[in-house]
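Step one of this worksheet: look at the structure below.
The values are calculated or read from the model by the stated rules, or taken from the named source; none is laboratory data. Since we're looking at a predicted model, the values are computed, not measured. In this analysis, Cβ positions are derived from the backbone assuming ideal geometry, glycine residues included, and neighbour counts consider all displayed protein chains. Side chains included, ligands, DNA and RNA excluded: accessible areas come from the protein's heavy atoms. Shrake-Rupley method; radii C 1.70, N 1.55, O 1.52, S 1.80 Å.
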Amino acid sequence: MRRMSVFPQHDTALGNLGLTANEIRQETENNTSELVSDLVNLSAGARFEAIRSLHVPFNEKKTIRNRVNSVKLSKTILAADCGQQVSRSFRRFRVSLASAMQHLVIWQDTLKEIGGRFGTSVLSYFLFLKWLLQFNLFSLIINFCFITIPQIVHAPNISSITGFRGLELLTGVGYFNKTVLFYGGYNGEVIVSKPAYNMQLAYFFTIAAYLVLCGVSLIYSTSRSFQKNFALETGPVSGGAWRLLCSWDFSVVNEKAIQYNKNNLAIQLKESLSERLQEKNKMSRSDRIKHLSLHLLAWLLSLGLALGSCAGIYFLGTNRELAFSFSHDPSDLGAEASTLLLPVVVSLFNLIVPLLYSLISKIESYSNPRAKIYISIVRTVILKMSILGILCFYWLSFVPTNISCWESFVGQSVYRLLIIDFIFCLLGIFFGEFLRNVIGTMCIQSLGVPEFDIARNVLDLIYGQTLAWIGIYFSPLLPVMQVLKLFIIFYLKKISLSMNCQPPKHTGRAAQIQTVFIALLFFPSFVGALSMVAFTVWSLKPSDQCGPFQGLNTPFHTIFNWTHSLPETHWVRWIFENILRSELFYYLISLIVLVITYFLWQITRGRKELIKTLREQIVNEGKDKAFLLNKLQNLQKERREMASYRPQDFDQTPHFNPNWMNTLPMDM
């Protein structure tokens with residue numbers, strides 16, 4: 001570091017230096033610039049000491065310090081500008097990436113349009129449909145990648161294929177009989193590769209992983225939705241104040257939909273007021289007995305219709321399918337078409353019996369429309385699950401002992417049920433919505449525009465998804481049909497909703513209705529399908545002539561064979577032998593689940609108490625404010641009364657009483 005002055009001394013003559021004034025000024029400026037550049041690279045303390053040790057006047061030191069600070073500040077600003085530019089670029093990239101991801105989200109704009117025109121209650125149906133579509137897309141991808149592609153690439157298990165005649169699209173037999181669409185199109189060979197690919201393990205673990213992920217997703221979604229919309233709600237959240245202040249759907253922007261929402265809100269307010277009046281006016285004992293008798297009669301009729309439907313399906317449809325399986329002629333189109341009788345009967349029962357339920361509910365005269373909706377949902381679920389239960393009982397009891405490749409037979413039966421249900425959905429859109437709208441607007445105007453029945457449509461989706469879960473083991477590519485079905489139904493329902501329907505007048509809260517639908521999808525839909533698949537894997541002997549598990553006692557024995565082929569010291573075999581096959585492990589898992597459930601229940605209970613306490617505090621604070629306001633009003637009133645008196649109204653002149661002695665007490 002320079003310790004001398006960079007400026008010429010004042011008593012030095014320019015001529016003695018041999019330089020002109022400009023050359024001296026230029027040399028001085030160069031030396032100063034070099035000194036400033038050296039000082040900039042020093043730390044703050046070293047820079048202060050270096051400037052202080054310069055042998056120059058104070059003004060020159062001040063000038064050098066200012067130049068150093070300006071250079072330092074310019075470099076800092078430049079670095080900051082570079083950092084800000086980089087961060088700004090990253091933010092723009094992140095925003096553009098998020099925008100691109102939103103464009104990739106399926107039906108994003110369409111769902112916004114539906115919510116803006118018809119409200120969140122109708123939107124919940126389409127969101128539920130999209131959710132089911134994601135389940136089936138995931139199933140399709142993993143089944144196709146881990147099961148179908150290895151089978152097709154290695155050795156297609158195709159034999160005695162008949163020509164394609166078109167009827168196979170409805171029945172699933174004939175041309176599709178030995179294809180990879182069904183269980184019989186796969187074999188259990190080990191594909192020779194590095195590493196070896198075991199088709200038995202791939203088939204078992206792919207189906208198991210998909211069902212486990214579906215179960216975890218359903219449990220999480222059900223618990224979160226229940227906690228958000230039911231568990232923490234205490235008090236009359238559906239009363240008049242809530243409906244007036246919090247129930248308006250601000251996503252609706254269409255004028256016609258706004259008018260519908262106004263009318264629906266008015267109807268709901270009237271119903272809420274009537275419910276409160278009915279609570280105050282208690283029914284007599286005879287009226288209560290009458291209502292209970294009507295409800296009991298309605299439930300007996302509903303259960304009788306469900307039992308009659310199950311009996312008719314069991315005795316009528318199953319015999320036809322067995323007769324076709326015993327006398328199967330590939331060229332007999334009539335016998336092949338007769339297999340459609342069972343799915344047609346099932347779809348007719350699913351269509352007609354809920355209409356009878358709606359007629360039965362009219363004799364009950366429910367005072368609460370939400371209770372009427374929930375009762376209708378419960379009865380329809382009982383009907384559909386009873387029908388599927390009797391079919392599963394038939395498939396697992398009689399089919400394995402009477403049919404050689406019984407897994408493919410069950411897969412074809414589920415395939416036919418899914419296809420015929422899709423056809424009936426299309427017919428329902430045409431006859432139940434389009435023609436009903438034409439009749440209500442042109443012929444019989446008193447009928448009006450039909451309402452979009454959210455509960456019935458969602459229950460149809462749950463029924464179709466239950467079929468897809470039941471058939472996932474017997475037909476690995478069944479999600480292909482379910483994905484196509486959901487795609488077509490989405491667009492047809494959207495068009496029909498825009499042209500033929502209006503939003504429903506009697507609905508509960510959209511979030512609570514959606515919670516109920518998710519819970520129904522988990523139980524009994526998913527739990528029932530999982531029980532059937534688990535019973536098939538653990539208890540039933542697979543076919544000896546087809547499928548990847550032929551020759552085994554049960555499909556689960558493939559896990560035993562695989563673990564026994566591993567060395568005894570292998571960690572997978574140790575876990576399977578000592579943990580997964582131990583009853584203590586499942587006991588501990590059950591105990592942990594119960595403890596966690598208990599803690600979560602206590603947390604929810606504590607939150608309920610906290611909410612109740614906070615609401616009581618709000619009420620008490622309101623009373624305190626009312627008391628203080630009354631007190632303030634009384635004080636203001638007293639002040640106004642005191643201010644109304646004037647000083648001249650009082651005579652303040654002193655008076656002398658000459659008889660003051662008489663005012664003294666007598667005992668003085």
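Check which residues have an amide H placed less than 5 Å from Gly547's amide H, if you skip close sequence neighbours.
Tyr186
Between Lys631 and Ile363, what is 0.36 nm times their sequence separation minus the Cα-Cα distance? Round to one decimal in nm.
Working: separation 268, 0.36 × 268 = 96.48 nm, distance 5.62 nm.
Using 0.36 nm per residue and subtracting the Cα-Cα distance, I get 90.9 nm.
Subtracting the Cα-Cα distance from 0.36 nm times the residue separation, let me have the gained length for Phe556 to His154 in nm, one decimal. Walk me through the numbers on the way to the answer.
On the way: separation 402, 0.36 × 402 = 144.72 nm, distance 2.37 nm.
Gain on stretching Phe556 to His154: 142.4 nm.
Can you give me the long-range amide H partners of Gln502? Hydrogens built in the peptide plane at 1.01 Å from N, cutoff under 5 Å, separation of 5 or more residues or another chain.
Those qualifying (amide H under 5 Å, at least 5 residues apart or on another chain) are Glu451, Phe452.
Roughly how many Å² is the accessible area per residue of the stretch 106-198, as a whole number, for a 1.4 Å probe?
Details: 4220 Å² over 93 residues.
Here the residues of the stretch 106-198 average 45 Å² of exposed surface.
What whole-number value in Å² describes the accessible area per residue of the stretch 440-542 for a 1.4 Å probe? Working shown, then result.
Numbers: 3670 Å² over 103 residues.
I get 36 Å² per residue for the stretch 440-542.
From the backbone phi of the stretch 498-504, what are the Karplus-calculated ³J(HN,Hα) couplings (6.51 cos²θ - 1.76 cosθ + 1.60, θ = phi - 60°) in whole Hz, Gly and Pro given as x?
Calculated HN-Hα couplings, in order: 6, 9, 10, 10, 10, x, x Hz.
So what are the ³J(HN,Hα) numbers for the stretch 434-451, from phi and the Karplus equation (6.51, -1.76, 1.60; θ = phi - 60°), rounded to whole Hz, Gly and Pro as x?
5, 5, 4, 5, 4, 5, x, 9, 10, 9, 10, 5, 5, 5, x, 7, x, 7
What does the accessible area of Lys112 come to, in Å² to the nearest 10, when a probe of 1.4 Å is used?
The accessible area of Lys112 comes to roughly 130 Å².
To the nearest 0.05, what FRET efficiency results for Phe599 and Ile141 with a Förster distance of 35 Å applied to their C-beta separation?
Numbers: r = 37 Å, r/R0 = 1.05.
Approximately 0.45, to the nearest 0.05.
So how much slack lies between Ser582 and Ile191, counting 0.36 nm per residue of separation and subtracting their Cα-Cα distance, in nm?
Details: separation 391, 0.36 × 391 = 140.76 nm, distance 3.23 nm.
Full-extension gain reported as 137.5 nm.
Straight-line reach only, C-alpha to C-alpha below 28 angstrom: list the lysines that Lys228 could link to, leaving out same-chain residues fewer than 8 apart.
Once the sequence-local lysines are set aside, what remains near Lys228 is Lys112, Lys130, Lys262, Lys270, Lys372, Lys505, Lys608, Lys612.
Going by average Cβ neighbours within 10 Å, how do the peptides 131-140, 37-46, 62-71, 554-563 rank, with the highest at the top? Write out the running numbers ahead of the final one.
Details: 131-140: 19.3, 37-46: 12.3, 62-71: 15.1, 554-563: 17.2.
The packing order, highest mean first, is 131-140, 554-563, 62-71, 37-46.
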